[in-house]
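Rule-based calculations on the coordinates, nothing more; no lab input. What you are looking at is a predicted structure, and each value in this text was computed from that prediction instead of being measured. Virtual Cβ from ideal backbone geometry, glycine too; neighbours counted across all protein chains shown.
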Amino acid sequence: MSAKRILGAAICGVVVAIAGVAMATGFTSSRQTDFFAAGNHQFYVWCAGSSDYFADERGANAEEAQMKLYNAVKAAGKTTCWPVWQGRVAS
């Protein structure tokens, strides 16, 4: 009887692991698609020595939006801040 329980637990563990990998793959794929998509992107602007904040920026992709926001932050005199991409958001 003990062997059946061990086998059952092992099979259950494998099924849970497979489901977890499937969910993670779908989440990663969606975020990667959003990163390269045009639209409104949200950033957490991390600032050393001052307050952090959230900001949105439009761009052809997240990299372009990040650089636009980065240049605007630097032009505003916040030289210790860096925008970190959080995801694409609805306009």
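Structural remarks
- Summed residue charge, Cβ within 10 Å of ALA72's Cβ, Lys/Arg positive, Asp/Glu negative: +2
- Residue by residue, segment 58-71 carries 3J(HN,Hα) couplings of 8, x, 5, 7, 5, 5, 5, 4, 5, 5, 4, 5, 4, 5 Hz when phi is fed to the Karplus relation 6.51 cos²θ - 1.76 cosθ + 1.60 (θ = phi - 60°); x denotes Gly or Pro.
- Surrounding net charge for ASP56, when Lys and Arg each add one and Asp and Glu each subtract one, Cβ distance under 14 Å: 0
- Each residue of segment 45-54 is assigned a 3J(HN,Hα), and the resulting list reads 8, 8, 10, 6, x, 8, 6, 7, 7, 9 Hz, derived from the Karplus form 6.51 cos²θ - 1.76 cosθ + 1.60 (θ = phi - 60°), x at Gly and Pro.
- Cβ-defined net charge surrounding GLN42, 14 Å radius [Lys, Arg +1; Asp, Glu -1]: 0
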